[in-house]
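Only one structure is covered here, and it is reproduced in the block below.
The values are calculated or read from the model by the stated rules, or taken from the named source; none is laboratory data. In this text the structure is predicted, and so the values were computed from the model without any measurement. No Cβ is skipped: glycine too gets one built from the backbone with ideal geometry, and neighbour counts run over all protein chains shown. Heads up: the accessible areas ignore ligands, DNA and RNA and are worked out on the full protein's heavy atoms, side chains in. Shrake-Rupley method; radii C 1.70, N 1.55, O 1.52, S 1.80 Å.
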Amino acid sequence: MIITKNILDEKVPKEMIPTRLDSAMNLYTNISYNGANGIIVYNTNPTTWNCLYSFYELNHKFTIDEYKFEKEEITYRQLIEEYQKIYKEVYENEKGNTKNVRIQTLINEYKNTFGLDYINVNDELLPIYELKYSKSKNVWTLYYFENYVANEINNFDKLLSQKIYEQKILPLDFSIEKIDGVELASNISYLLSIDSNIEKLNNSIIKGAN
């Protein structure tokens, strides 16, 4: 479940208090190319997940297993605040992963994955927190998604013709739940439901051949 503004001050059911913290950095590219308009989404693991995601960086992410929150009765807001505190202390201060370092890591991973020489990240979308139950690990996990927007790519044709992952173009419409029968990650639909995110994406359209 996405932790939305309207539930921030509600108490988290005790059985749903997470014992694992996780994160991902997402990069969104909003394109207009050969009549297609929208963000590029990828099916990075069709055998296991079979779900469409934005590009994400997982090699340097923040994660803690067997974490115990300070309070047994806790609101969603307090859950996020404690996550942010630990994230800053451990990931930023101790390990040196400041925001600038994280963005550069995301850029490097994107370039290396698709063989690009240059991209520019020009904006940040609202972060998303999601509480999910993992059947394989039998735990609740609190995920933190950082979301950034690219507005320049040096080799647009190369990116669109890549064969590393199956890719689709998703219109900026939060009501879309599947493309060609493949589900979208829930955090993408939620991200597209926020007007300020749509505005920033539309201000960063990358245009190719038409």
Worksheet entry | For the chain, share of DSSP beta bridges that run antiparallel, in % to the nearest 5 | 70
Practice prompt. Using the Cα centre as the reference, give the magnitude of the dipole from point charges on the C-beta atoms of region 63-210 (Lys, Arg: +1; Asp, Glu: -1; all else neutral), rounded to the nearest 20 debye.
Written response: 300
Worksheet item: Using alpha carbon centroids, what distance separates region 172-204 and region 40-76, in Å?
Response: 18
Practice prompt. Within region 110-184, report the trypsin sites (Lys or Arg not before Pro) that DSSP leaves as loop and that have at most 13 other Cβ atoms within 10 Å.
Written response: 135, 137, 163
Worksheet item: Within a Cβ distance under 14 Å of residue 201, other residues only, what is the Lys/Arg minus Asp/Glu net charge?
Response: -3
Worksheet item: Among 95/132; 137/178; 11/71, which pairs are too far apart, with a Cα-Cα distance over 22 Å?
Response: 95/132; 137/178
Discussion item. I'd like to check one number: the per residue accessible area of region 114-210, probe 1.4 Å, reported in Å² as a whole number.
Written reply: 53
Worksheet item: Expressed as a whole percentage, what fraction of the accessible surface of region 1-105 belongs to carbon and sulfur atoms when a 1.4 Å probe is rolled over the protein heavy atoms?
Response: 48
Worksheet entry | Zone residues, region 48-79, relative to residue 88, backbone N less than 20 Å from point 7 Å out along Cα-to-Cβ | 62-64, 68-71, 75-79
Discussion item. Below 8 Å, C-alpha to C-alpha, sequence gap of six or more: please give me the relative contact order for region 119-210 in percent.
Written reply: 30
Worksheet item: Using helices alone, what [θ] at 222 nm do you get for the chain, with -39,500 (n - 2.57) per DSSP H run of 4 or more residues, divided over all residues and rounded to the nearest 500?
Response: -6000 deg cm²/dmol
Practice prompt. Specify which residue in the list 35, 169, 46 is farthest towards the positive end of the charge dipole of the chain, using unit charges on the beta carbon of Lys, Arg (+1) and Asp, Glu (-1), about the Cα centre.
Written response: 46
Worksheet item: Pick the calculated P(r) over Cα pairs in 10 Å bins from 0, in percent for this structure from (i) 8, 34, 40, 17, 1; (ii) 7, 18, 16, 13, 11, 9, 8, 7, 5, 3, 2, 2, 1, 0; (iii) 8, 32, 36, 19, 5, 0?
Response: (iii)
Worksheet item: Considering only the other residues whose Cβ falls under 12 Å of the Cβ of residue 83, what net charge follows from Lys and Arg at +1 and Asp and Glu at -1?
Response: -2
Discussion item. Given an 8 Å cut-off on Cα distances and at least 6 residues of separation, report the relative contact order of the chain as a percent.
Written reply: 33
Discussion item. For region 70-173, which GluC sites (Glu not before Pro) pass both filters: DSSP loop (anything but H, G, I, E, B) and at most 16 other C-beta atoms within 10 Å?
Written reply: 70, 72, 73
Worksheet entry | Relative contact order %, region 1-90, counting alpha carbon pairs below 8 Å whose residues are six or more apart | 38
Worksheet item: Per-residue HN-Hα couplings for region 3-9, Karplus 6.51 cos²θ - 1.76 cosθ + 1.60 at θ = phi - 60°, whole Hz, x for Gly and Pro?
Response: 8, 8, 4, 6, 10, 3, 9
Worksheet item: Of the heavy-atom accessible surface of region 123-195 (probe 1.4 angstrom), what whole percent is carbon and sulfur?
Response: 47
Worksheet item: With springs only between Cα atoms under 10 Å, which of 40, 80, 188 fluctuates most in a Gaussian network model of the chain?
Response: 80
